[in-house]
């Protein structure tokens, strides 16, 4: 168990797919749901750098949504900021970085709506 985040175990791909489906069900705007779905990718596990530690520390994230046009990605992670599990990051970063707290949101709708992809 990770002592910093108190997580019993990491989510599986199937559990991440359920998280995404649950988030999509909360959105009442069908056009927005379709925009989000057009950018969804098969979730893939990665390690992202936590930028706020003395030594380089990486935590699991799931890449769930991308836009090459805007060089943007949305990650799902239980290891991010306390604000939420949905993070807006730069797609071309390799490895990904958690970034700033304002890049993390409580819902998939919020993170997508704060991205260039929503335009």
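The values are calculated or read from the model by the stated rules, or taken from the named source; none is laboratory data. Please read these numbers as outputs of a predicted model, since none were measured by experiment. Every residue, glycine as well, gets a Cβ built from its backbone with ideal geometry; the counts of neighbours run over all protein chains shown.
Against the conditions (1) under 20 Å from residue 98 (Cβ atoms); (2) loosely packed, with under 15 Cβ neighbours inside 10 Å, where does residue 15 fall short? Just the number, please.
(1)
Can you say whether residue 34 is at pLDDT 95 or above, over 14 Å from residue 114 (Cα atoms), more than 15 Å from the chain's Cα centre (by Cα) and in a helix (DSSP H, G or I), as far as the supplied structure shows?
Details: at pLDDT 95 or above: yes; over 14 Å from residue 114 (Cα atoms): yes; more than 15 Å from the chain's Cα centre (by Cα): yes; in a helix (DSSP H, G or I): yes.
Yes; evaluated as a whole, the condition is true for this residue.
List the number of the failed condition for residue 36; all other conditions in (1) under 21 Å from residue 10 (Cβ atoms); (2) buried (at least 16 other Cβ atoms within 10 Å of the Cβ) hold.
Unmet condition: (1).
Can you run down the residue pairs with Cβ atoms below 7 Å, 6 or more apart or on separate chains, where the first is in segment 5-26 and on the phi < 0 side of the Ramachandran plot and part of a helix (DSSP H, G or I) and the partner is loosely packed, with under 12 Cβ neighbours inside 10 Å and modelled with pLDDT of 95 or more?
Partner pairs satisfying both residue conditions: none exist.
Could you tell me whether any residue of segment 104-116 is within 21 Å of residue 58 (Cβ to Cβ) and out of contact with any strand residue (DSSP E or B) (no Cβ under 7 Å at 6 or more places or on another chain)?
Checked against the condition, which is being within 21 Å of residue 58 (Cβ to Cβ) and out of contact with any strand residue (DSSP E or B) (no Cβ under 7 Å at 6 or more places or on another chain), segment 104-116 yields no hits at all.
Among the candidates 83, 74, 64, single out the residue that is in contact with a helix residue (DSSP H, G or I) (Cβ under 7 Å, 6 or more places away or on another chain) and modelled with pLDDT under 95. Give the steps one after another, and end with the answer.
Details: 74 fails: modelled with pLDDT under 95; 64 fails: modelled with pLDDT under 95.
Result: 83 is the single residue among 83, 74, 64 that is in contact with a helix residue (DSSP H, G or I) (Cβ under 7 Å, 6 or more places away or on another chain) and modelled with pLDDT under 95.
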